[in-house]
Every structure is written in C-alpha cells, then in structure tokens.
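The values are calculated or read from the model by the stated rules, or taken from the named source; none is laboratory data. None of the values given here were measured: they were computed from a predicted structure. Cβ atoms come from the backbone with ideal geometry, glycine included; neighbour counts cover every protein chain shown.
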Amino acid sequence: MKNWMFILLCLIGYQATAQGLIFQTSEGAIKGYDPVAYFTQSKPVKGKKEFSASWQGATWYFSTAQNRDLFKSTPEKYAPQYGGFCAYGVSRNYKVKIEPEAWTIYEGKLYLNYDLDVSKDWNEDKPGYIKKANANWVTLKDKK
C-alpha cells in the first residue's frame, strides 16, 4: 500500500477510533474477539458476553471460560501488542483501528492490523516495523 494512502486511512481511522491504552469499541476490546483463540485455535474467534474479563480498563470477551481463565492468569502473554491498535500504524506513530481477521503471531506475540492489505505490508518487514512500533509506543500509548 502506498504510504500516503495509509496515512490518509490512519487519519480517518484516528478520528473514528476510541482512543486510550486499549483499542476498544462498543463490542469490547479488539472488537469483542477472543485474544487467546489466536494462539489456541490459530484464527480469530468472536468472544461471548458470558465469558468476559476486565483488564487495563477494557472489557475482553472470550469464546470459552477456559480461554478467559488463561487470559486472566497471564494477560500479557495473550493480549495483542500495542493495546490491540494496528501494529503497522503504531510503527508509523498512529493509533489506528483494526480488523480482527488481519493478524499475525510473531515470536510468541499477537499483532493486529488495520486490514488484510496492511497486513501484507506488515509481513514484508515485521522485525523492522516492530522495532519502530516499540519505540513509538513508549509515548503513543498515553495519547488520547
């Protein structure tokens, strides 16, 4: 994707996204998807309201009680990086919404992206983008 086009999408997404430490919508953190399922089922799975937990000021939903309990015991292991905001966007110093279907587990960590096209760009240089995103997240995480 062209950089200018992504920046435009980021600006649009920035205005529409709930800001804070965790990406959340009215459906919950990461649009109500179960973060543990990415690891245990290798796919995005919608969580259920009866299996919820609060963490970092957000409500997280899970597809099973077992997944909820795994998350509660070690949330840092299962929570997506950068609060669930688009990892590529964070590498560009933006907090941007995600689509749960645009995901990667890399070196044991979950990364979400804006959409499948952005995921293709992300996959071209994950280590480089992670290095940039890690540096940006230090200050970006506290911005509203």
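Can you tell me which residue among Tyr106, Tyr94, Tyr129, Tyr114 is touching a Phe, Trp or Tyr at 6+ places or on another chain (Cβ under 9 Å) and under 22 Å from Asp34 (Cβ atoms)?
Details: Tyr106 fails: touching a Phe, Trp or Tyr at 6+ places or on another chain (Cβ under 9 Å); Tyr94 fails: under 22 Å from Asp34 (Cβ atoms); Tyr129 fails: under 22 Å from Asp34 (Cβ atoms).
Answer to the check: Tyr114.
May I ask you to list the residues in the stretch 30-59 that are of a type in the set (S, T, N, Q) and closer than 23 Å to Tyr106 by Cβ? First the steps, then the outcome.
As a first pass, look at the stretch 30-59 and keep what is of a type in the set (S, T, N, Q): 40-42, 52, 54, 56, 59.
Result: Thr40, Gln41, Ser42, Gln56.
Considering only the stretch 67-98, how many residues are free of Cβ contacts under 8 Å to residues at least 60 places away in the same chain and either more than 16 Å from Leu140 (Cα to Cα) or touching a Gly at 6+ places or on another chain (Cβ under 7 Å) (or both)? Talk me through it step by step, then tell me what you get.
Within the stretch 67-98, the first condition is being free of Cβ contacts under 8 Å to residues at least 60 places away in the same chain, and the residues that meet it are 67-82, 87, 90-91, 93.
The next check asks that each one be either more than 16 Å from Leu140 (Cα to Cα) or touching a Gly at 6+ places or on another chain (Cβ under 7 Å) (or both); those that pass are 67-79.
The qualifying residues number 13.
Need the failing condition index for Thr104 against (1) part of a helix (DSSP H, G or I); (2) among the hydroxyl-bearing types (Ser, Thr, Tyr); (3) over 14 Å from Lys141 (Cα atoms), just the number.
Only one criterion in (1) part of a helix (DSSP H, G or I); (2) among the hydroxyl-bearing types (Ser, Thr, Tyr); (3) over 14 Å from Lys141 (Cα atoms) is unmet by Thr104, namely (1).
Here are some conditions: (1) free of Cβ contacts under 8 Å to residues at least 60 places away in the same chain; (2) under 11 Å from the mean Cα position of the chain (by Cα). Lys132 meets all but one. Which one does it not meet?
Among (1) free of Cβ contacts under 8 Å to residues at least 60 places away in the same chain; (2) under 11 Å from the mean Cα position of the chain (by Cα), Lys132 violates only (2).
Could you list, ordered by first residue, the pairs with Cβ atoms under 7 Å in which the first is in the stretch 112-124 and of a type in the set (Asp, Glu) and the second is assigned to a helix (DSSP H, G or I) and crowded, with 17+ Cβ neighbours inside 10 Å, at least 6 apart or interchain?
Sorted first by the residue in the stretch 112-124, then by its partner, the pairs are Asp121/Tyr88.
Got at least one residue in the stretch 16-32 being aliphatic (A, V, I, L, M), surrounded by fewer than 20 Cβ atoms within 10 Å (Cβ to Cβ) and either modelled with pLDDT of 95 or more or assigned to a helix (DSSP H, G or I) (or both)? If you could, list the steps in order and put the result at the bottom.
So in the stretch 16-32, the residues aliphatic (A, V, I, L, M) come out as 16, 18, 21-22, 29-30.
Retained after the next criterion (residues that are surrounded by fewer than 20 Cβ atoms within 10 Å (Cβ to Cβ)): 16, 18, 21.
Within this subset, residues satisfying the condition of being either modelled with pLDDT of 95 or more or assigned to a helix (DSSP H, G or I) (or both) are 16.
Checked the stretch 16-32: at least one residue is aliphatic (A, V, I, L, M), surrounded by fewer than 20 Cβ atoms within 10 Å (Cβ to Cβ) and either modelled with pLDDT of 95 or more or assigned to a helix (DSSP H, G or I) (or both).
Within the stretch 124-143, can you find the residues that are part of a helix (DSSP H, G or I) and of a type outside the set (A, V, I, L, M)? Talk me through it step by step, then tell me what you get.
Taking the stretch 124-143 first, the residues part of a helix (DSSP H, G or I) are 124, 126-140.
Listed by number, the residues that qualify are Glu124, Lys126, Pro127, Gly128, Tyr129, Lys131, Lys132, Asn134, Asn136, Trp137, Thr139.
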